[in-house]
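One structure is given here, and the rest of the page talks about it.
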Amino acid sequence: MTDLVPLFFLSFFFLFLNSYRMLRILTICFVVITIAAGELSKVKEDKTLKDLEDKIVNDIITHKVMVYSKTYCPYSKRLKVILSNYEIDDMKIVELDRSNQTEEMQAILKKYSGRTTVPQLFISGKFVGGHDETKAIEQRGELRPMLEKAHALFTNRVPVPDNERIETNSEALATKTNTTLSSSSSAAILFYLLFFTFVLILKN
C-alpha cells in the first residue's frame, strides 16, 4: 500500500506542474510523507522486535532447558560442559554471536534475566543464572534435583499433554495476530491522514 503513495501524488504533479499552488501542495505533502514514512518504519521495527521477543519467550517456556551462549565465550563453554554431564531430554542452545540481532536479543533477555551477559541458563521457564551460579548449584548437589523437578532428564521425562500444546500454540498465535492487526491499522490510519490532508489542501 505504501508503494502507491508516491504514484498517487505524482499524478497530481503533472496536472499542476507550473502552478504556485502545486508547489505549496508538494511541499506540504513532502513533509507529511516524510513524517508518515518515519512512523511506518517505526511500526515495522516495533513489530520485528515484538516477533523476536515472542520467539525468545516461546523458547524459554517451551524448552525444559534453555541456554543462551556465545561460541567464543569461555564461561559459556564451561556451562555447556557442566550440562553435558546430564542426560537432558529437552535442551536448546542459542549462540547469540551467530545471529544478526545479537544486541536486540541481549536487550530482550535483560528483561527476563536482569543481565545482558552470557551464558544464561533457564530451567522450566525460570532463570537460573550464568556459569558461576550453575556451578555453585551443582557443587551443592542441587542441579540434578532441579532438572528432575523440571522433568528435563531422560530418566524422568513426562510427555506434555496435547491439550497443553494446543493452548500454548493458540496463545502465541493470538499474540502474533494482535500485533499484525495493530501494525496494519496504524498503516491504514497514516494513509487516510495523507489522503484527507491532500483533499483539504486542494479546497483552500
Name the long-range amide H neighbours of V128: under 5 Å, sequence gap of 5 or more, or other chain; modelled H, no Pro or chain starts.
-> L121, F122, I123
Would you kindly derive the ³J(HN,Hα) couplings of region 104-114 from the backbone phi angles with the Karplus curve 6.51 cos²θ - 1.76 cosθ + 1.60 (θ = phi - 60°), listing them in order in whole Hz, with x for Gly and Pro?
-> 5, 5, 5, 5, 5, 4, 4, 5, 10, 10, x
Of K55/K111; K47/K77; K47/K111; K92/K126; K55/K149; K47/K110, which pairs sit farther than 22 Å apart, going by alpha carbon to alpha carbon?
-> K47/K77; K55/K149
At 0.36 nm per residue, minus the direct Cα-Cα distance, what do R98 and K126 gain on full extension? Give it in nm, one decimal, please.
-> 7.7 nm
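Bear in mind these aren't lab numbers, they're just calculated from the coordinates by the rules spelled out. Fair warning: this is a prediction, and the values are worked out from it, not measured in the lab.
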